[in-house]
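Asks: I have a structure I would like to understand better, so I am pasting it below and will then ask my questions one at a time.
The values are calculated or read from the model by the stated rules, or taken from the named source; none is laboratory data. Here the structure is a predicted model, which is why all the values come from computation and not from measurement. Backbone-built Cβ (ideal geometry, glycine too); neighbour counts: all protein chains shown.
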Amino acid sequence: MKGMQGLFIAACLGIIGAVCNWFYLMRLADKTERIAFVGIKSDVNVSAGQKFKASDFMMVEIPLNRLGNLDKAAVRWAAVESVKGFPANKEYFGGELLLQQELKTPAKEDLNKMIISGERVIWLPVDSRTFNPAHVNPGDLVSFRVPDVVARPALANATEPGAAVSEIIGPFRILALGNRKGRREISRAAGVAVGAENVIAISVKTTDNETKLDAMGQRLSEVLQKTNFQGVQLMLHPSDEEDTK
């Protein structure tokens, strides 16, 4: 009997200990600071271009010790009023957090305010057969591959007879594609017509007290005069190069 009583007491003490531990963890969790963010309700889908409504949102609380870099990327619940009525720049599904980088409006800045001293803007017609503007955005770096018939004579002399001659001019920074100065999906979500994008605006550098184009810009201008850019291929640079320009 004494043995049974001992086991019973031990079991009771174990249960009491487990309950106390559970209460301790619950109280500790309640004391953990939480940050509230704006999320899309689980039963809501928001289409691109559709304006956010108050009924689309739910509060998502995340413990501070599990926050990571989310505080710099997601929209806090305290700012929920500022995003009501804002057009969605992409399709949202239930359970997603609203990110700050997705709340952008189409760029409306004048081109002459997008360049610095020592730069100029020139417009180039792009051969639509060799260029898909849907994959290119303002701010991207591009170079141009020139057809063999207008490549520099020096290049031809440096190659073996019969070898293909290739000249690449660049890189240049794209400022606009047609009338688009930002990402295509952002313009569409805001109801801004994208229009034709077979003419691009790029920045070129100048020299000699800003009265002449530098060698690269001058060569590009020569190719434009000779070919009207027919047959010239546009080459897109890696995105990590943009940060160094």
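Asks: Given (1) part of a loop (DSSP other than H, G, I, E, B); (2) modelled with pLDDT of 80 or more, where does T159 come up short, assuming only one miss?
Replies: Condition not satisfied by T159: (2).
Asks: Still on this structure, I have one more. Are there any pairs with C-beta distances below 7 angstrom linking a residue in the range 32-53 that is under 17 Å from A88 (Cβ atoms) and modelled with pLDDT of 85 or more to a residue that is of a type in the set (V, I, T) and assigned to a loop (DSSP other than H, G, I, E, B), with the two at least 6 apart or on different chains, and if so which?
Replies: Short answer, once both residue conditions are applied: F37/V75; V38/V75.
Asks: Consider only pairs whose beta carbons are under 9 Å apart and that are at least six residues apart or on different chains; among these, list those whose first residue lies in the range 228-239 and is polar (S, T, N, Q) and whose second residue is at pLDDT 80 or above and surrounded by 16 or more Cβ atoms within 10 Å (Cβ to Cβ).
Replies: Every condition considered, the pairs that remain are Q233/F131; Q233/F144; Q233/R145; Q233/V146; S239/D140; S239/L141.
Asks: Among what's in the range 200-225 and is at pLDDT below 90 and β-branched (V, I, T), pick the residue that is surrounded by the fewest Cβ atoms within 10 Å (Cβ to Cβ).
Replies: T211
Asks: Do you know which of the residues in the range 73-109 that are of a type in the set (A, V, I, L, M) and more than 17 Å from Q50 (Cα to Cα) is modelled with the lowest pLDDT? Give the steps one after another, and end with the answer.
Replies: Residues of the range 73-109 that are of a type in the set (A, V, I, L, M), as a first pass: 73-75, 78-80, 83, 88, 97-99, 103, 107.
Filter once more, so that each one left must be more than 17 Å from Q50 (Cα to Cα): 73-75, 78-79, 107.
Details: A73: 84, A74: 87, V75: 88, A78: 87, A79: 85, A107: 63.
So the residue we want is A107.
Asks: Restricting attention to the range 42-84, which residues are among the small types (G, A, S) and outside any helix (DSSP H, G or I)? Talk me through it step by step, then tell me what you get.
Replies: Keep residues of the range 42-84 that are among the small types (G, A, S), which gives 42, 47-49, 54-55, 68, 73-74, 78-79, 82.
Result: S42, S47, A48, G49, G68, A74.
Asks: Would you mind stating whether E96 is buried (at least 17 other Cβ atoms within 10 Å of the Cβ), out of contact with any helix residue (DSSP H, G or I) (no Cβ under 9 Å at 6 or more places or on another chain), farther than 30 Å from K212 by Cβ and not basic (K, R)? Walk me through it before giving the result.
Replies: Values: buried (at least 17 other Cβ atoms within 10 Å of the Cβ): yes; out of contact with any helix residue (DSSP H, G or I) (no Cβ under 9 Å at 6 or more places or on another chain): yes; farther than 30 Å from K212 by Cβ: yes; not basic (K, R): yes.
When the stated conditions are applied, E96 passes them.
Asks: Please identify the pairs in which a residue from the range 101-130 that is on the phi > 0 side of the Ramachandran plot has its Cβ atom under 7 Å from the Cβ atom of a residue that is at pLDDT 75 or above and surrounded by 14 or more Cβ atoms within 10 Å (Cβ to Cβ), counting only partners at least 6 apart or on another chain.
Replies: G118/K205; G118/T206
Asks: Additional query: Tell me the residue from G118, G85, G95 that is in contact with a strand residue (DSSP E or B) (Cβ under 9 Å, 6 or more places away or on another chain) and assigned by TED's automatic domain parsing to the domain that holds S187, please. Working first, answer last.
Replies: On the way: G85 fails: assigned by TED's automatic domain parsing to the domain that holds S187; G95 fails: assigned by TED's automatic domain parsing to the domain that holds S187.
That would be G118, the only listed residue that is in contact with a strand residue (DSSP E or B) (Cβ under 9 Å, 6 or more places away or on another chain) and assigned by TED's automatic domain parsing to the domain that holds S187.
Asks: Tell me, yes or no, whether the range 85-104 has at least one residue that is out of contact with any Phe, Trp or Tyr (no Cβ under 9 Å at 6 or more places or on another chain), part of a helix (DSSP H, G or I) and among the aliphatic types (A, V, I, L, M).
Replies: No, the range 85-104 has no match at all.
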